[in-house]
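Asker: I'd like to ask you about the structure that follows.
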Amino acid sequence: MAIEKRKYASRTAYRAYWRNPWSGKIEKGPSRDTRREAERDDAEIKIRLKFEPASFGCEGDSSSNESPTLYSLSTMYLARTDMTESTRQGEFYHFSTMSDQIGHIPALEITRDDLKAVEEQQRQRGVKQNTISRRIGIVRAILNWAVDKSLIPENPIQRYRCKRGEDLKLPPPSPVEIQSMLEYAVPHLQRAIIISYYLGVRVGPSELLAMKWEDFDEVRHRMRVWSAQKNKSIPWRDIDLVDSLYDTMLEWRKLDQEQGIEYIISWRGKPIQSFKSAWRTMRQHLKKEGKLTRRIRPYDMRHTFATEAIAEGADPKAVSDLMGHADTTMIHRHYQHVVDKQKMQAVQALPDVLIGVQQRGTK
C-alpha cells in the first residue's frame, strides 16, 4: 500500500493504491486534493485488509439487510477525520487484540457473555485489568458511535461496565534521580526531562513534543503550553519559568535558531513522536552504573512536578491548573498522600498553647 502523487496542469492530486488480496490486481482509491485525505483512505484500506479481507471479494456477496459486524463498524470508526493519528493507531492496536474473538459477530448480537469471554481471555494472556477495561471501552465507543451515525438502532451492551483494576502507583523520580538521568541522557532527552520536571506537561506528542519556540515568551518569562484534547475548556496555559529554566531555554533557542529548528524537542532538526529508544538506552546505562535500579517511566516526570510542588506547600488547585486538569480530582486521587502530609505539617506548625496549662494543671 502507498500514496500515488499525480501532477496535472492545474492541480496536484493524491490517491491510495493497494493490491486486492483476492484478485491480486492493483486497485486505486478516489483522487484527493490533499495528501492527508489520501492518507485517510490508505488507513481505512489497511484496516479492511487486516479485519475484513473478504470485503475485497465480489460485490454483492453479503446482504445489506444484515447487521454490520464489529469488523466493519471498527473500520469506519477508525477512519474518522476527527481522530488524531496517534489515537487511531492506539485504538487500532487494542481492538486488534480482540478482533479474532468478537470481530465477526453482528453488532446487534453481541452479548454480555461475549465481553466476559473477552475479559477472561485477556486475563489469561496476562493483560492488566486497566488495559482490559480500556479495550472493552473501545468496543462500547464503536457501538455508541454507530448508533449516533444510524448504522445500528441501539447499543446492545450499553450498560456493560468492565471492572477497573488498581492503579499502578510508582514513586516518581526524586531530584537526585533526575540529576543522574540528565547525566546519561542524550541532548533531546535532556530537554524532555528538564521541561517535564519544571512545567509538569503531558509527556508525549499531545503537549511536550508539540512545543514550539514561537510559544516561548522571552519578555514575560513564560511558556505557553497548548493543552491536550482531554480538557477542551482550557485550550492553553501560560506557565511561568523559574530563572534557571529560563536561562537554559535561552541557550537552547540560540542553538536552534542557528539551524532553523522550530520545535523545542527535536532529533536532527525534525520533530519527533516518541523518545522511547533514548529513554531505554539511558536506563540501561544507569542500571549498569548502579545509579537507577527501579522502574521509571517517562510519564513519571509529570508526577514528580506535582509531588514536589505539593510537598513544598503549593495549593493543589494551582497545581491542577498548571497541569491542565479540569479540577482537582486527579490531584486528590494520585497525590492524596502528599496532600495529607502537607495538612499534618500545617497542624503541627501551630504554636502549642497547652504546654503551660499542663504544667499548672487545668481547672
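The values are calculated or read from the model by the stated rules, or taken from the named source; none is laboratory data. Model, not experiment: these values are computed from the prediction. When we count neighbours, we look across all protein chains shown, and the Cβ atoms used for this are built from the backbone with ideal geometry, even at glycine. Side chains are part of the model used for accessible areas, which takes the heavy atoms of the whole protein and leaves out ligands, DNA and RNA. Shrake-Rupley method; radii C 1.70, N 1.55, O 1.52, S 1.80 Å.
Asker: Taking a cut-off of 17 Å between Cα atoms, list the aspartates and glutamates near Lys128, but don't count ones fewer than 8 places away on the same chain.
Answerer: Once the sequence-local aspartates and glutamates are set aside, what remains near Lys128 is Glu91, Glu119, Glu120, Glu166, Asp167.
Asker: Whole angstrom only: what separates the Cα centroid of the range 180-223 from the Cα centroid of the range 70-87?
Answerer: Cα centroid to Cα centroid, the span is 31 Å.
Asker: How do 176-183, 2-9 rank on mean C-beta neighbours within 10 Å, highest first? Please list the in-between numbers first.
Answerer: Details: 176-183: 15.8, 2-9: 9.8.
For the peptides 176-183, 2-9, the packing ranking is 176-183, 2-9.
Asker: Within 13 Å, Cβ to Cβ, of Gln257, how many net charges do the neighbouring residues add up to if Lys/Arg are +1 and Asp/Glu are -1? Don't skip to the answer; put the middle values down first.
Answerer: Values: positive: Lys212, Arg253, Lys254; negative: Glu214, Glu218, Glu251, Asp256, Glu258, Glu262.
Here the count lands on -3.
Asker: Hey, another quick one. For the range 93-228, calculate the relative contact order in percent as a whole number, restricting contacts to Cα pairs under 8 Å that are 6 or more residues apart. Before the final figure, lay out each step's value.
Answerer: Details: 86 pairs, mean separation 22.9, N = 136.
Computed value for the range 93-228: 17 percent relative contact order.
Asker: How many angstrom separate the Cα center of the range 281-328 from the Cα center of the range 108-141?
Answerer: Distance between centres, Cα-based: 31 Å.
Asker: Do any of Lys116/Lys317; Lys7/Lys28; Lys212/Lys291; Lys5/Lys270; Lys5/Lys212 go past 28 Å between their Cα atoms, and which?
Answerer: On the way: Lys116/Lys317 39 Å; Lys7/Lys28 16 Å; Lys212/Lys291 33 Å; Lys5/Lys270 23 Å; Lys5/Lys212 30 Å.
Where the Cα-Cα span goes over 28 Å, the pairs concerned are Lys116/Lys317; Lys212/Lys291; Lys5/Lys212.
Asker: I want the local charge near Arg35. Using Cβ-Cβ distances under 12 Å, sum +1 for each Lys or Arg and -1 for each Asp or Glu among the other residues. Each step should come with its number before you reach the end.
Answerer: Working: positive: Lys5, Arg6, Arg15, Arg32, Arg36, Arg40; negative: Glu4, Asp33, Glu37, Glu39, Asp41, Asp42.
Here the charged neighbours net out to 0.
Asker: Ignoring ligands, DNA and RNA, what percent of the accessible area of the range 192-317 is carbon or sulfur (1.4 Å)? Please list the in-between numbers first.
Answerer: Details: 3500 of 7210 Å².
Roughly 49 percent of what the probe reaches on the range 192-317 is carbon or sulfur.
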